[in-house]
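The values are calculated or read from the model by the stated rules, or taken from the named source; none is laboratory data. Quick caveat: nothing in here was measured; it's all calculated off a predicted structure. Glycine gets a Cβ as well: all are built from the backbone with ideal geometry, and neighbour counts include every protein chain shown. To get the accessible areas, we keep the full protein, side chains included, count just its heavy atoms, and leave off ligands, DNA and RNA. Shrake-Rupley method; radii C 1.70, N 1.55, O 1.52, S 1.80 Å.
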Amino acid sequence: MNKPFAITLDPGSSLANHTGSWRTERPVYVDRLPPCNNQCPAGEDIQGWLFHAESGNYEAAWRHLTTHNPFPAIMGRVCYHTCEGACNRGKLDAAVGINSVERFLGDEAIKQKWQFDRPAAESGKHVLVIGAGPSGMSAAYHLRRLGHQVTVVEAGPLVGGMMRYGIPKYRLPREVLDAEMQRIVNMGVRVVLDTKIENVLDTMKEGSYDAAFLAVGAHIGKRTAISDGEGPRVFDAISVLRGLENGEKIPLGRRIAVYGGGNTAIDVARTVRRLGAEPIIIYRRTQDKMPAHAFEIEEALQEGVTIKCLSTIKQTDPKGIVIEKVQADSRGSLHPTGEYETLEVDSVVLALGQNVDLGALKGVPDIELNDGVVKVDANMMTGHAGLFAGGDMVPTDRNVTVAVGHGKKAARNIDAWLRGTTYAAPEKHQIATFERLNTWYYSDAPKTVRPMLDVIRRQSTFDEVQGGLDETNALFEARRCLSCGNCFECDNCYGVCPDNAVIKLGPGKRFQFNYDYCKGCGLCVAECPCGAINMVPENI
Amino acid sequence: MSFQPVKFYQTGTFTVGNRLLEPDQRSVQANMERTNSLNSGHRACQGCGEALGARYAIDAAMHATNNQLIAANATGCLEVFSTPYPETSWQVPWIHSLFGNAAAVATGIAAAIKVKRLKGETKEDVRVVAQGGDGGTTDIGFGCLSGMFERNDDVLYICYDNGGYMNTGVQRSSATPPAARTATTMPVGAEPGNPFGQGKFVPSIAMAHEIPYVATATVADLRDLEHKVKKAMTFRGARYIHILVPCPLGWGSPSGDTIKLSRLAKETGLFPVFEAQYGEITGSAKIREPLPVEEYLRPQKRYAHLFGKKPAYETIVRLQALADRNIRRYSLLDKEAN
Ligand SMILES: Cc1cc2nc3c(=O)[nH]c(=O)nc-3n(C[C@H](O)[C@H](O)[C@H](O)COP(=O)(O)OP(=O)(O)OC[C@H]3O[C@@H](n4cnc5c(N)ncnc54)[C@H](O)[C@@H]3O)c2cc1C
Ligand SMILES: Cc1ncc(C[n+]2csc(CCOP(=O)(O)OP(=O)(O)O)c2C)c(N)n1
Ligand code: SF4
Ligand code: SF4
Ligand SMILES: [Mg+2]
């Protein structure tokens, strides 16, 4: 080649110079566990489904969500959404409205009639599920996905458990409940109604079942002896709610005392209020100590429910009930005062909690009880091999989401048990803490609030109280997610590397480091908004 | 019009890319087919702001000119780390001559292209950029630069300002900020570091030439930087872009802090980000989260003497006053507009 004066070498590329050898630390891509996912009792991959919702792909979002929880429309109404309490965005402005986006996806699925796929192959095993509440139906869904034949046996005339006979319509419209239940039946799950299991082992033998999951809930209302037959009639809250749901006429009268401070007390009071009654909640501690959620207490008060705190019911008397005033000292201990008053009421509804009906387990060997509920091991199995249990009947927080989570966990363990193995949960990633984020990169965006039904209609109808988001604001809300700990393809690492040492693999495929050239400066780690890159020392 | 940020798309235009934006709204750097004008294997330090700024700017210029671009480079880190004989990291036609004459070389190239087009030897509209460090621009190359401005030659000149002669061991330049320590400023005494009241801000001098376009930028706001390079390419005549590029070696900062420090320079007001046409300011990038200058100074060892056992409050206050003056002069605080 004809070279210019004093030039002896051909031009070469700096690609020959592998600057990766300078490195003492290397960046690696990681997935961290977002705090919302970590908190969700049903183990949803919230960040994962929000990722799809952000781009407007609601069906992909719904399918991703339902790999863990088949009931987004129900969740979006009754779940106490502790995920939002854990959401990192709460430290920035306000938590992402996870629950409202979930409801939007659930409602969209019902509208679009999206269905679950049937399993690709049948396992040949048959599992008995007892109780068609959230826990039983969740287990049925997951077992069916895993290819097992499932029969759900339910004592009542309809599926849903406490979601139908406890949670009132104005919080969970029955069309929504029915739609999400029917979708599971459509997968080929057999449901037998109006059949109470008297003995699990007998039923298993008769039906040649390979395993059973018990989820009978807690339906026996606790009672306290306050009546000697005179004066107002005494009911328990669960029977009242169930009776009203079934369209029965219950002689409650106009002035109704509801005894207790939990969500059930609030639901009974708000239900009878809608029927024209004047409910008064009697609770022995102060209002801030009520186990019911603050927002439910607030909504009840708005609707005209009265709450009488620091009071216990001593007994009924011909005119009504005798109430004793209670005093709370500075440490919160309660002291009876000996001061009484009589309250004129037509009936009393006890909302003092529920016990489990253990009838179906009578005579089953190796079952261990704990305070009236059934003990299970870490795999949701009772002391009796092949008999699993979950939901309200085991020691736990009693709510729909926990029950759904138990159903999933039990299904996975039943599946493993049927194969003669044990289920090994994948190892948990490290938590994506707020400190790991570079929040500079997120747009300022205030939370979207769901509309509420006006109070007049709430006092006289069973119309749903809380509205949903529409497409625009659901999309906006989804996009408030910071994608904590999981790459959302913002291209920052690809951009900020001064050495072109990040390879972009294309949409949905994320990135890769080119360690031939990465000098280990750490810029990508510092500028990753969601903390999905970790710096680890090189072995030198 | 200044760069208009997109809001509410999760990260809007704060991040390099954003899968939620329409493809034509995305940055050049987010593109899998970007030029990588300054390719891997260059010998810049870990976390070099100049290497990053050069790729950002030249890739954007390549994009804006449909790859019809020639670059002339002054001596300095950018030249030394990219072209040790016989290797080159440049994936654009690139020429190096001397420390002080990049602007003149570029003028010559522009003139040659003009002649070739007049003679019909080429139909391509090849554009020219000149680039150099702050030493090469504000000191030794300043005469050539001013000449290029005053003749309104069709060249975009890009200065990568790291506040000193970094390539030869961190000597002071006329762009070294007050109080910053270099190898050639007072190491001890009452007021160590670069004295107040000296130096020059070349963007203002460029504006005084009333050339078509002048802008400043940082490597912390890629979208703004790309917008300015592309906009510069829509003008004919002399254009000047001054980019703040942190130097981990010369500033004594961790290599992973390069972008953070650029961001803090802008957010504290110490480095005003603005643009001007024909001598008039036409817009400025607003401060998003106002911060005291300490936030910017403290992580850098070149300011360590301000934060010793006895903090140099007076000096810090004087630096804050400079920031406050910038905020007033360039209207940097206008939350509504951001
Ligand atoms: C009034 C009220 C309001 C509530 N509100 C909320 C709320 O807003 N959010 C929330 O998360 N949680 C709420 N809860 C709690 C929640 O409803 C329960 O924790 C949840 O339903 C428990 O699910 P499960 O599947 O374990 O049992 P259940 O839902 O109780 O279902 C058990 C099912 O098993 C059937 N069964 C029982 N015994 C037999 C048998 N021997 N044979 C066949 N079938 C049998 C029952 O008929 C029932 O259908 C509320 C509870 C009440 C009482
Ligand atoms: C005429 C001349 N004087 C001195 C030098 C030595 N020299 C090479 S690079 C450099 C400093 C460059 O500083 P700057 O332009 O700010 O670029 P940086 O290295 O900081 O990016 C000097 C002094 C030279 N090459 N030519
Ligand atoms: S910002 Fe998103 S990923 Fe992070 S905790 Fe909240 S919902 Fe989960
Ligand atoms: S920015 Fe580039 S060079 Fe620096 S650590 Fe990341 S990949 Fe490596
Ligand atoms: Mg310099």
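Summary table
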read-out: Count of residues meeting criterion [more than 16 Å from ligand 3 (Cβ to nearest atom) and touching a residue at least 24 places away in the same chain (Cβ under 8 Å)] in the range A:64-79; value: 7
read-out: Filter result for A:C487 (touching a helix residue (DSSP H, G or I) at 6+ places or on another chain (Cβ under 9 Å), within 15 Å of ligand 3 (Cβ to nearest atom) and either modelled with pLDDT under 95 or more than 10 Å from chain B (Cβ to nearest Cβ) (or both)); value: yes
read-out: Members of the range A:237-255 that are in contact with a helix residue (DSSP H, G or I) (Cβ under 8 Å, 6 or more places away or on another chain) and on the phi > 0 side of the Ramachandran plot; value: none
read-out: Search result, residues across the range B:230-278 that are away from ligand 5 (no atom under 16 Å from the Cβ), open to solvent by 10 Å² or more (accessible area, probe 1.4 Å) and away from every other protein chain (no Cβ under 14 Å); value: B:K230, B:K231, B:M233, B:T234, B:F235, B:R236, B:L270, B:Q277, B:Y278
read-out: Subset of the range B:129-169 (residues that are open to solvent by 20 Å² or more (accessible area, probe 1.4 Å) and within 16 Å of ligand 5 (Cβ to nearest atom)); value: B:D139, B:I140, B:F142, B:Y165, B:N167, B:T168, B:G169
read-out: Selection within the range A:490-540 - assigned to a loop (DSSP other than H, G, I, E, B), away from chain B (no Cβ under 11 Å) and among the polar types (S, T, N, Q); value: A:N539
read-out: Matching entry among B:P195, B:P177 (being assigned by TED's automatic domain parsing to the domain that holds B:G269, open to solvent by 20 Å² or more (accessible area, probe 1.4 Å) and more than 15 Å from the chain's Cα centre (by Cα)); value: B:P195
read-out: Enumeration of residues in the range A:437-463 that are within 14 Å of another protein chain (Cβ to nearest Cβ), in a helix (DSSP H, G or I) and buried (at least 18 other Cβ atoms within 10 Å of the Cβ); value: A:Y441
read-out: Residue match in the range B:183-191 (condition: outside any loop (DSSP other than H, G, I, E, B), more than 14 Å from chain A (Cβ to nearest Cβ) and more than 16 Å from ligand 3 (Cβ to nearest atom)); value: yes
read-out: Strands (runs of 3 or more DSSP E) enclosed by the range A:86-203 - at least 3 residues per element that are of a type outside the set (S, T, N, Q), more than 16 Å from ligand 2 (Cβ to nearest atom) and open to solvent by 10 Å² or more (accessible area, probe 1.4 Å); value: A:190-192
read-out: Segments classed as strands (runs of 3 or more DSSP E), wholly inside the range B:19-137, with at least 1 members that are within 14 Å of another protein chain (Cβ to nearest Cβ), in contact (Cβ under 8 Å) with a residue 24 or more places away in the chain and more than 16 Å from ligand 4 (Cβ to nearest atom); value: B:94-96
read-out: Matching residues, the range A:309-360, being within 14 Å of A:R284 (Cβ to Cβ), in contact (Cβ under 8 Å) with a residue 12 or more places away in the chain and part of a loop (DSSP other than H, G, I, E, B); value: A:C309, A:L310, A:G332, A:A351, A:L352, A:G353
read-out: Residue list for the range A:179-233, filter: touching a helix residue (DSSP H, G or I) at 6+ places or on another chain (Cβ under 7 Å) and among the aromatic types (F, W, Y); value: A:F213
read-out: Residue within the range A:385-394 that is surrounded by fewer than 19 Cβ atoms within 10 Å (Cβ to Cβ) and farther than 30 Å from A:N263 by Cα present; value: yes
read-out: Residues located in the range B:40-82, provided they are of a type in the set (S, T, N, Q), open to solvent by less than 20 Å² (accessible area, probe 1.4 Å) and over 12 Å from B:R127 (Cβ atoms); value: B:S40, B:N73, B:S82
read-out: Where a residue in the range A:191-220 is in contact (Cβ under 8 Å) with a residue 60 or more places away in the chain and away from ligand 3 (no atom under 16 Å from the Cβ) and its partner, wherever it lies, is open to solvent by 60 Å² or more (accessible area, probe 1.4 Å) and part of a strand (DSSP E or B), with Cβ under 8 Å and at least six apart; value: A:A218/A:N355; A:I220/A:N355
read-out: Qualifying positions in the range A:2-15 - facing another protein chain (nearest Cβ under 7 Å) and open to solvent by 80 Å² or more (accessible area, probe 1.4 Å); value: A:L9, A:D10, A:P11
read-out: Qualifying residue in the range A:64-83 (condition: within 14 Å of chain B (Cβ to nearest Cβ) and open to solvent by less than 20 Å² (accessible area, probe 1.4 Å)); value: no
read-out: Pair list, Cβ < 8 Å and 6+ apart or interchain, from the range A:504-525 residues that are over 18 Å from B:T15 (Cα atoms) and more than 16 Å from ligand 2 (Cβ to nearest atom) to residues that are open to solvent by 60 Å² or more (accessible area, probe 1.4 Å) and among the basic types (K, R); value: A:F513/A:R26; A:Y515/A:R26; A:C518/A:R26; A:G520/A:R26
read-out: Pick from the range B:255-278, criterion farther than 26 Å from B:A44 by Cα and hydroxyl-bearing (S, T, Y), ranking: farthest from ligand 1 (Cβ to nearest atom); value: B:Y278
read-out: Qualifying residues in the range A:16-58 (those that are within 14 Å of ligand 4 (Cβ to nearest atom) and assigned to a strand (DSSP E or B)) - the one least open to solvent (accessible area, probe 1.4 Å); value: A:P27
read-out: Some residue of the range A:211-219 being more than 15 Å from A:G160 (Cα to Cα) and open to solvent by 10 Å² or more (accessible area, probe 1.4 Å); value: no
read-out: Subset tally (residues that are among the charged types (D, E, K, R) and farther than 23 Å from B:G250 by Cβ) for the range B:34-81; value: 2
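Every residue, every condition in (1) among the small types (G, A, S); (2) open to solvent by 20 Å² or more (accessible area, probe 1.4 Å); (3) under 20 Å from A:G261 (Cβ atoms), yes or no:
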| residue | (1), (2), (3) |
| --- | --- |
| A:D288 | no, yes, yes |
| A:F295 | no, yes, yes |
| A:I313 | no, no, yes |
| A:Y340 | no, yes, no |
